[in-house]
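The values are calculated or read from the model by the stated rules, or taken from the named source; none is laboratory data. Keep in mind that this is a model prediction, so the values were computed, not measured. Ideal geometry is used to build each Cβ from the backbone, glycine not excepted, and the neighbour counts take in all protein chains shown.
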Amino acid sequence: MLVKIIFFIIFMQQILFGFEYAVITNAHSDISTASPKQLKDIFMMKKHFLNHIKIIPVNITSSSQIRKAFEREVLHVKRSTLNHYWIKQHFQGIRPPTVQSSVNSIKLFIKNVTGAIGYIPLTKIDSDVKVLYEF
């Protein structure tokens, strides 16, 4: 019963307060927006440029709730499907996006690497980054 109440509270929070996370890039980037389709292609390593800029996608560790939300809300892919996808890509010489261990390391990477994009909680947005998409 307690679990149902917790899920209900989380669900209502999303309805009442909107988005929780954002896909971001460097504040000085020429990229101003990205569609969910573009983001999926970028993070699945099918698309490498956006507005003629080489894109470097950055994931947070797979155990993170942020990553689980990103995979569910933006990629629309289950973890098991993603794992299978990356195994197949490995044999074609395609590697998954780089991984950072924390939100702070993602922000620092994006601040310092041209073309880097990643995702963080909206509460961590500051003047060093630019929001491309909220989810």
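Observations on the structure shown:
- Among the residues of the stretch 55-65, the one identified as farther than 16 Å from Pro36 by Cα and either within 10 Å of the chain's Cα centre (by Cα) or of a type in the set (Lys, Arg) (or both) is Ile60.
- Any hit, the stretch 68-75, residues being modelled with pLDDT under 95 and either more than 22 Å from Arg95 (Cβ to Cβ) or not in a helix (DSSP H, G or I) (or both): no
- Number of the exception - Lys47 against (1) closer than 19 Å to Leu122 by Cα; (2) in a loop (DSSP other than H, G, I, E, B): (1)
- Applying the set (1) in contact (Cβ under 8 Å) with a residue 24 or more places away in the chain; (2) out of contact with any helix residue (DSSP H, G or I) (no Cβ under 7 Å at 6 or more places or on another chain); (3) buried (at least 17 other Cβ atoms within 10 Å of the Cβ); (4) over 12 Å from Ala22 (Cα atoms) to Ile53 leaves exactly one unmet item: (3).
- Against the test of being under 20 Å from Glu134 (Cα atoms) and without any contact (Cβ under 8 Å) to a residue 24 or more places away in the chain, the options Leu108, Leu39 yield a single qualifying residue, Leu108.
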